[in-house]
Amino acid sequence: MKVSFDFDGTVATKKGYELAQQYIQQNNQVYIITRRRKEFNDPVLNVAKSLGIPRNRVIFTNGEMKWKTILKLGIELHIDNNPEELKLIEENTNAKTILFR
């Protein structure tokens, strides 16, 4: 299954990092999709590297809402702490969503 995580407030937290590890251990294809700009990518890439997520599965939307990227990549599940993002993903894609708290 293709699973994506938001970065800030989600996979950047200890709980989110551990959840991503669980999805990876279950042989899911895990992505990080963040609205950050590519210029501010070191923290994101460092977390991805420590999780074993390849660079080509780390997506920077440069401020754009994530639903278009999720649709394009065929993501099946997205985990995020932003209810507005999740609402747009649910309205515009077939992906399931989880509100991360």
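Residues in the range 70-79 that are crowded, with 16+ Cβ neighbours inside 10 Å and in a helix (DSSP H, G or I) were compared, and the one that is farthest from the chain's Cα centre (by Cα) is Leu73. Is it true that Glu90 is among the charged types (D, E, K, R), free of Cβ contacts under 8 Å to residues at least 40 places away in the same chain, in a loop (DSSP other than H, G, I, E, B) and open to solvent by 60 Å² or more (accessible area, probe 1.4 Å)? No; evaluated as a whole, the condition is false for this residue. Residues that are in contact (Cβ under 8 Å) with a residue 12 or more places away in the chain and touching a helix residue (DSSP H, G or I) at 6+ places or on another chain (Cβ under 9 Å) within the range 52-67 comprise Gly52, Ile53, Arg57, Val58, Ile59, Phe60, Thr61, Asn62, Met65, Lys66, Trp67, listed in sequence order. Do we have any residue at all in the range 51-69 that's aromatic (Phe, Trp, Tyr), modelled with pLDDT of 95 or more and surrounded by fewer than 17 Cβ atoms within 10 Å (Cβ to Cβ)? No, that holds for no residue. Scanning the range 1-37 for residues that are of a type in the set (D, E, K, R) and part of a strand (DSSP E or B) returns a single hit, Lys2.
Among the residues making up the range 1-50, those that are over 11 Å from the mean Cα position of the chain (by Cα), basic (Lys, Arg) and either farther than 21 Å from Glu85 by Cα or surrounded by 15 or more Cβ atoms within 10 Å (Cβ to Cβ) (or both) are Lys14, Arg36, Lys49.
The values are calculated or read from the model by the stated rules, or taken from the named source; none is laboratory data. All figures in this text were calculated on a predicted structure; none of them were measured in a lab. Cβ: placed from backbone, ideal geometry, glycine included. Neighbour counts: every protein chain shown. For accessibility, only protein heavy atoms count, side chains too; no ligands or nucleic acids. Shrake-Rupley method; radii C 1.70, N 1.55, O 1.52, S 1.80 Å.
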